[in-house]
């Protein structure tokens, strides 16, 4: 992650001037390169090689057209019918590209004895029945720490190359757009709230001194104000606006108004939970449109009502990549803000107006900001 982020920092430092950037373009390129490296074992440099094949395929894969969005919806509410209809979400071109990439990578590693600490290696180890994980810290204001050491027998059904490709493919799809959305709005809020940005830069400068100018994982996850900013960005601008769950037992939602009828849920019913609506409800978050990282300070985060903050979902079905997403976001902002100020320029849209033509949460005219080299 650090290597990928440093490529972006150096690219803009070489301009030796204030550079105008469109945040969605930059953040999708960065998340593409991170996932390419960590999940697929592929080296990408999308900031210098603007039209590399991996990035272009990623853009095609995550471009949620109306028909593709409809296919997703049908799979969610009518999975058996969708399978019977052989409904395709992604075109063969994308499927064939990623399948070939994964199979070639697995073959090269197994024949040449290559070991690289990434997702493919973990899945290959899992295929052999090996598992050993340790998480030192969640690195998020509302997540709890956990530690796990396990050794499991080889699974009865062996993971195939297709299974591994599917996991990497899902990892890409889940992390390409949603994480770039987090970075997009975090950059915007730092421009709109320069006092927040200055306080964060001080924390970054102090952290660099403590670790002798070289960023470490341990130093990064201890940065409380960085964590508070990311948590508040996820509260105000969740990358996924709703989540779904399947009802497991009968339940009745009693009416809250006199003219309403009770809602009876039965096992198998699909429930959609409006994450964005709940996290913007003034009943749970006073002045919800105000960007206030202090909501997630050590003194205040305990006051957040359970089940009202869920940018990564909740329970055993929450986002498996939440820690990964937070870490790559912290890494790029740490390194960028150590060298640049994020400033408003003529093309910066304040306040931002959201697009009504996109499935993703983005501004209707992009989000342009300036990267101004810091003078130290």
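For segment 95-129, what are the residues that are within 27 Å of the chain's Cα centre (by Cα) and assigned to a loop (DSSP other than H, G, I, E, B)? Within segment 95-129, 115, 116, 117, 118 qualify. The set of residues in segment 267-281 that are part of a loop (DSSP other than H, G, I, E, B) and either within 15 Å of residue 77 (Cα to Cα) or touching a helix residue (DSSP H, G or I) at 6+ places or on another chain (Cβ under 7 Å) (or both) comprises 267, 268, 269. If the condition is being closer than 16 Å to residue 171 by Cα and touching a helix residue (DSSP H, G or I) at 6+ places or on another chain (Cβ under 7 Å), then segment 90-120 contributes 90, 94, 97, 98, 99, 102, 118, 119, 120. Note on segment 298-323: residues that are farther than 12 Å from residue 235 by Cβ and buried (at least 17 other Cβ atoms within 10 Å of the Cβ) amount to 5.
Can you find, within segment 242-252, the residue that is surrounded by the most Cβ atoms within 10 Å (Cβ to Cβ) among those that are modelled with pLDDT of 95 or more and not in a loop (DSSP other than H, G, I, E, B)? Outline the logic, then answer.
Within segment 242-252, the first condition is being modelled with pLDDT of 95 or more, and the residues that meet it are 249-252.
Right, trim to not in a loop (DSSP other than H, G, I, E, B) and you get 251-252.
Numbers: 251: 13, 252: 9.
Looking at the filtered set, the residue picked out is 251.
Reported count of residues in segment 67-84, each being within 16 Å of residue 246 (Cβ to Cβ) and touching a residue at least 60 places away in the same chain (Cβ under 8 Å), is 2. Whether a residue is touching a helix residue (DSSP H, G or I) at 6+ places or on another chain (Cβ under 9 Å), under 26 Å from residue 1 (Cβ atoms) and surrounded by 14 or more Cβ atoms within 10 Å (Cβ to Cβ) was assessed, and residue 352 does not pass this test. So, residue 361, is that one in a loop (DSSP other than H, G, I, E, B), surrounded by 15 or more Cβ atoms within 10 Å (Cβ to Cβ) and either under 23 Å from the mean Cα position of the chain (by Cα) or modelled with pLDDT of 90 or more (or both) or not? Spelling it out, residue 361 is indeed in a loop (DSSP other than H, G, I, E, B), surrounded by 15 or more Cβ atoms within 10 Å (Cβ to Cβ) and either under 23 Å from the mean Cα position of the chain (by Cα) or modelled with pLDDT of 90 or more (or both). One residue alone among 291, 340 is within 20 Å of the chain's Cα centre (by Cα) and either more than 27 Å from residue 199 (Cα to Cα) or touching a residue at least 60 places away in the same chain (Cβ under 8 Å) (or both), and that residue is 291. Evaluate the following for residue 271: is it closer than 29 Å to residue 176 by Cβ and out of contact with any strand residue (DSSP E or B) (no Cβ under 8 Å at 6 or more places or on another chain)? Spelling it out, it is not the case that residue 271 is closer than 29 Å to residue 176 by Cβ and out of contact with any strand residue (DSSP E or B) (no Cβ under 8 Å at 6 or more places or on another chain). Within segment 67-74, at least one residue is surrounded by fewer than 17 Cβ atoms within 10 Å (Cβ to Cβ) and at pLDDT 80 or above. Quick check on my filter: what residues within segment 300-319 are part of a loop (DSSP other than H, G, I, E, B) and on the phi < 0 side of the Ramachandran plot? 300, 304, 305, 306, 308, 309, 310, 311, 312, 314, 318, 319 - these are the residues of segment 300-319 that are part of a loop (DSSP other than H, G, I, E, B) and on the phi < 0 side of the Ramachandran plot.
Screening residue 88 against (1) under 29 Å from residue 59 (Cα atoms); (2) at pLDDT below 85; (3) surrounded by 15 or more Cβ atoms within 10 Å (Cβ to Cβ) leaves a single unmet condition, (3).
So that you can scan it fast, the table gives a plain yes or no per residue for (1) surrounded by fewer than 19 Cβ atoms within 10 Å (Cβ to Cβ); (2) modelled with pLDDT of 90 or more; (3) out of contact with any helix residue (DSSP H, G or I) (no Cβ under 9 Å at 6 or more places or on another chain):
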| site | (1), (2), (3) |
| --- | --- |
| 5 | no, yes, no |
| 19 | yes, yes, no |
| 27 | no, yes, no |
| 40 | no, no, no |
| 46 | no, yes, no |
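Considering segment 200-228, the residues that are free of Cβ contacts under 8 Å to residues at least 60 places away in the same chain and touching a helix residue (DSSP H, G or I) at 6+ places or on another chain (Cβ under 6 Å) include one that is surrounded by the most Cβ atoms within 10 Å (Cβ to Cβ), namely 203. Residue count for segment 26-63, restricted to those that are in a helix (DSSP H, G or I), more than 15 Å from the chain's Cα centre (by Cα) and under 15 Å from residue 181 (Cα atoms): 1. Taken over segment 71-89, the criterion of being touching a helix residue (DSSP H, G or I) at 6+ places or on another chain (Cβ under 6 Å) and part of a helix (DSSP H, G or I) is satisfied by 74, 75, 82.
The values are calculated or read from the model by the stated rules, or taken from the named source; none is laboratory data. As the structure is a prediction and not an experimental result, all values here were calculated from the model. Backbone-built Cβ (ideal geometry, glycine too); neighbour counts: all protein chains shown.
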